[in-house]
Amino acid sequence: RAKAQGRAGYQVFNAEMRAEALNLITLERDLRRAVRQGELRVLYQPIVAVGTGCTVGFEALLRWQHPERGLLSPADFLGVAEESGLIQELDRWVLREACAQVRVWQRRLPAAPPLTLSVNFSGRHLAAPDVYTALSAILAETGFDPHALRIELTESVLLTHSQTTRETLERIRRLGVGLHIDDFGTGYSSLGYLQSYPVDALKIDRSFIDRMLSSQGSAELVRTIVSMAKNLGLRVVAEGIELPAQLERLRALGCDYGQGYLLSRPLTPEQIPAFLAGGNAVDRPEQLRNAG
Ligand code: C2E
Ligand code: MG
Ligand code: MG
Ligand code: MG
């Protein structure tokens with residue numbers, strides 16, 4: 001009896017594991033197809049100068065318009081992309097697509113300085129031996145001004161202390177491309193090591209902005225990050241601004257740039273011209289889901 005139960009338990013576990021593995025394999029196969037068949041999309045979330053309210057640029061955010069599962073967010077497939085090594089292909093696809101797209105908006109709306117583009121690069125991608133070559137090739141191919149490009153990377157990339165990654169970041173930086181530390185504050189949280197890397201800006205993680213009005217500790221942390229960044233000559237971007245009171249506090253603290261649903265949701269490329277023209281009605285990415 002006990003043995004039978006044990007065996008049954010074992011079989012259930014096994015079946016779950018098999019389902020999980022199958023899921024990952026299916027997802028990986030589907031993701032390869034997605035790249036080839038044009039199922040990937042880029043949404044653009046405006047980044048705003050906190051002092052003036054002007055849009056300075058956009059962060060490119062990847063989506064997957066899955067034929068059966070609908071519009072998928074990075075959380076649904078980035079893990080598999082990382083494990084399978086597909087992440088490099090995805091990051092490069094987003095970079096090429098977004099450089100070409102933002103260049104169109106820059107031309108249509110000649111402003112000085114030009115609209116910036118922020119693109120997320122995974123740590124695994126930044127460790128790839130050909131990442132610099134690929135990046136400069138895409139800049140050349142699209143004619144995108146390197147000074148208007150920012151690569152967002154997480155603290156964990158710097159904490160590997162890899163000499164190769166350091167050299168890669170320095171070469172990318174020498175092209176004129178900005179390096180922004182994403183989700184800042186969630187990792188090691190020492191500003192000291194930032195001095196030894198060619199970093200331009202910190203993006204304060206959304207979780208701190210979310211709590212800054214309710215938690216003294218989070219408010220203090222945001223204030224400290226802003227003032228220490230200033231001392232190090234770094235710019236600060238606050239992500240996840242949802243409330244006017246958060247924006248006001250950040251403005252008072254001297255935070256340079258902001259991003260969040262209050263200012264705008266991530267938008268489809270079709271929605272950007274109206275947003276730039278000042279319409280900027282808050283809109284839903286679900287539109288893409290419905291259009292699917
Ligand atoms: P992230 O780089 O920190 O991007 C900000 C995320 O916060 C985005 O989620 C954005 O939609 C969301 N967000 C922005 N404002 C608000 C707000 O006010 N409230 C809330 N609740 N959320 C807000 P998304 O698009 O789901 O992306 C999640 C993460 O996936 C990104 O976080 C980034 O780490 C990663 N990711 C996105 N696109 C790419 C890509 O092309 N390559 C790589 N390697 N990673 C990407
Ligand atoms: Mg980011
Ligand atoms: Mg972020
Ligand atoms: Mg984040």
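The values are calculated or read from the model by the stated rules, or taken from the named source; none is laboratory data. Computed from a prediction, not measured in an experiment: that's the story for all the values here. Methodologically, a virtual Cβ is constructed for each residue, glycine included, from the backbone with ideal geometry; neighbour enumeration extends over all protein chains shown. Note: accessible area is taken over every heavy atom of the protein model, side chains too, but ligands, DNA and RNA are not part of it. Shrake-Rupley method; radii C 1.70, N 1.55, O 1.52, S 1.80 Å.
Among residues of region 263-279 being surrounded by fewer than 16 Cβ atoms within 10 Å (Cβ to Cβ) and either modelled with pLDDT of 90 or more or in contact with a Gly (Cβ under 6 Å, 6 or more places away or on another chain) (or both), the one that is farthest from Cys54 (Cα to Cα) is Glu270. Note on region 217-245: residues that are within 15 Å of ligand 4 (Cβ to nearest atom), at pLDDT 95 or above and on the phi < 0 side of the Ramachandran plot amount to 7.
Within 16 Å of ligand 2 (Cβ to nearest atom), surrounded by fewer than 22 Cβ atoms within 10 Å (Cβ to Cβ), of a type in the set (Ser, Thr, Tyr) and closer than 26 Å to Leu276 by Cα, is that true of Thr116?
Working: within 16 Å of ligand 2 (Cβ to nearest atom): yes; surrounded by fewer than 22 Cβ atoms within 10 Å (Cβ to Cβ): yes; of a type in the set (Ser, Thr, Tyr): yes; closer than 26 Å to Leu276 by Cα: yes.
Taking the combined requirement at face value, the residue satisfies it.
For the residues Leu95, Leu71, Leu62, the requirement of being buried (at least 17 other Cβ atoms within 10 Å of the Cβ) and in a helix (DSSP H, G or I) singles out Leu95.
Can you name the residue in region 22-59 that is of a type in the set (Val, Ile, Thr) and farther than 22 Å from Ala100 by Cα and is also surrounded by the fewest Cβ atoms within 10 Å (Cβ to Cβ) among such residues? Going through the qualifying residues, I end up with Thr52.
Considering Leu194, Leu202, which residue is open to solvent by less than 10 Å² (accessible area, probe 1.4 Å), within 16 Å of ligand 1 (Cβ to nearest atom), under 23 Å from Leu158 (Cα atoms) and within 23 Å of the chain's Cα centre (by Cα)?
Numbers: Leu194 fails: within 16 Å of ligand 1 (Cβ to nearest atom).
It is Leu202.
I'd like to check which strands (runs of 3 or more DSSP E) are fully inside region 176-253 and have at least 1 residues that are of a type outside the set (Gly, Ala, Ser) and in contact (Cβ under 8 Å) with a residue 60 or more places away in the chain. Walk me through it before giving the result.
Details: elements: 178-184, 201-204, 235-238.
Here the list reads 178-184, 235-238.
Of all the criteria given as (1) away from ligand 2 (no atom under 15 Å from the Cβ); (2) aliphatic (A, V, I, L, M); (3) modelled with pLDDT under 95, the one not satisfied by Ala140 is (3). Restricting region 36-68 to residues that are within 16 Å of ligand 4 (Cβ to nearest atom) and among the aliphatic types (A, V, I, L, M) leaves a set whose member that is farthest from Ala252 (Cα to Cα) is Leu62.
For every residue, the table says whether it meets (1) without any contact (Cβ under 8 Å) to a residue 12 or more places away in the chain; (2) more than 10 Å from ligand 1 (Cβ to nearest atom); (3) crowded, with 19+ Cβ neighbours inside 10 Å; (4) not in a loop (DSSP other than H, G, I, E, B).
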{"position": "Ala75", "(1), (2), (3), (4)": "yes, no, no, yes"}
{"position": "Ala128", "(1), (2), (3), (4)": "no, yes, yes, no"}
{"position": "Ala134", "(1), (2), (3), (4)": "no, yes, no, yes"}
{"position": "Arg150", "(1), (2), (3), (4)": "no, yes, yes, yes"}
{"position": "Leu158", "(1), (2), (3), (4)": "no, yes, yes, yes"}
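Which one of these does Gly176 not meet: (1) modelled with pLDDT under 95; (2) open to solvent by 10 Å² or more (accessible area, probe 1.4 Å)? Unmet for Gly176, out of (1) modelled with pLDDT under 95; (2) open to solvent by 10 Å² or more (accessible area, probe 1.4 Å): (1).
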